[in-house]
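Engineer: I have a structure I would like to understand better, so I am pasting it below and will then ask my questions one at a time.
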């Protein structure tokens, strides 16, 4: 196989590698920086957890091949969660056509994002780790600017901003991508908005030196979402800095349908509460509003079966909420000259709010039931 595909290898995951972060990881993430007497540039490992990403994985790999950072000082490690589509075939095809970019595939049998990230880090060699998503396309200077930020001592975990694009060529996909970058949809999440460089709570993906893993531990595999925010919380609690550099940019493809968006935000809300139980001080206002909104919505809906005042309050809540969303939709539709955003933006933002809040509340209900 190596003779046919010089840059692609399959590494099978052992059961021992599925343990949660702790001393095990500190001992097994050592790696080593690949020596090169011809250059002082650090060797970079780009790690990508993925599952059934045949539609976008080649776009990511193509953008990595166009990096301004020397390809000889880079490797790509894809942690595949046993994809059932043609993801593996797409990676193999790319590697056959472009052997100048080193791409390896490791099996992520746990099939979760944090386990995939950890497995890829274990199998990687670089002194600097850059995490990316199979839904993303970094600009050509992405790796170079991440490395420069670390060499300048900007932060312990360095990331950039998203240019969010539609996940499909439909009006609802375009509406979803607009909602995912709108202040009403994401609050003060700086990496989704026009931001200035500086220390922040979290960054998407992120890049860090391997020594950071040795210092604070790896990604927490008990969290099936919000693992990046939890990781950045540990960085900050250990005295480190999470740094946002707006010049480090990547295209991120949002979900293409309301159904996929709903499932994504249900998952976000569900696992956010579990993370907050460990770090309650990290709760931000933008995270508290959706569960409060959904709780009030459900409570008034139930009470309205018996009480007239509840029906009045429910009508007031819904009228005020959708008036604000409709005004935002009209404003954006006029600015972008896309009429469907008048209703598409409110639909998308409402889906995000309700599903995030419902997932958050359901997580609390399940916890109470289990504790009981």
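Each value in this text was obtained by applying a stated rule to the coordinates, not by laboratory testing. Please read all numbers here as calculations on a predicted model, not as lab measurements. Because the Cβ atoms are built from the backbone with ideal geometry, glycine has one as well, and the counts that use them run over all protein chains shown.
Engineer: With each label point set 7 Å from Cα along the Cα-Cβ vector, what nm distance links residue 278 and residue 310?
Structural biologist: Rounded to a tenth, the inter-label distance reads 3.8 nm.
Engineer: Could you please state, rounded to a whole Å, how far the C-alpha centre of the range 115-142 is from the C-alpha centre of the range 45-114?
Structural biologist: Comparing the Cα centres of the range 115-142 and the range 45-114, I get a distance of 9 Å.
Engineer: For the range 191-242, which semi-axes, largest first and in whole Å, follow from the square roots of 5 times the eigenvalues of its Cα gyration tensor?
Structural biologist: 19, 14, 9
Engineer: Over the chain, what is the relative contact order in percent, taking alpha-carbon pairs closer than 8 angstrom and at least six residues apart? Write down the numbers at each step before the final one.
Structural biologist: Working: 726 pairs, mean separation 67.8, N = 372.
Normalised by residue count, the contact order of the chain is 18 percent.
Engineer: Just from its helices, what would the mean residue ellipticity at 222 nm be for the chain, if runs of 4 or more DSSP H residues each count -39500 (n - 2.57) and the sum is divided by every residue, rounded to the nearest 500 deg cm²/dmol?
Structural biologist: Values: 13 runs with 178 residues, N = 372.
Calculated from helices alone, the mean residue ellipticity at 222 nm is -15500 deg cm²/dmol.
Engineer: Gaussian network model of the chain, Cα springs within a sub-10 Å range: biggest mean-square fluctuation belongs to which of 162, 306, 243?
Structural biologist: In the Gaussian network model the winner is 306.
Engineer: Of 266, 244, 316, which is the most mobile in a GNM of the chain whose springs link Cα atoms less than 10 angstrom apart?
Structural biologist: The residue with the greatest mean-square fluctuation here is 316.
Engineer: Over all alpha-carbon pairs in the chain, figure out the percentage whose distance exceeds 36 Å.
Structural biologist: The answer is 25 percent, as a whole percent.
Engineer: Let me ask something else. Relative to the longest principal axis of the C-alpha atoms of the chain, give the angle of the C-alpha long axis of helix 308-336, reported between 0 and 90° and rounded to the nearest 10°.
Structural biologist: The angle comes out at about 50 degrees.
Engineer: Also, I was wondering about something else. So how far, in whole Å, is the C-alpha centre of the range 349-366 from the one of the range 146-175?
Structural biologist: One Cα centre to the other: 25 Å.
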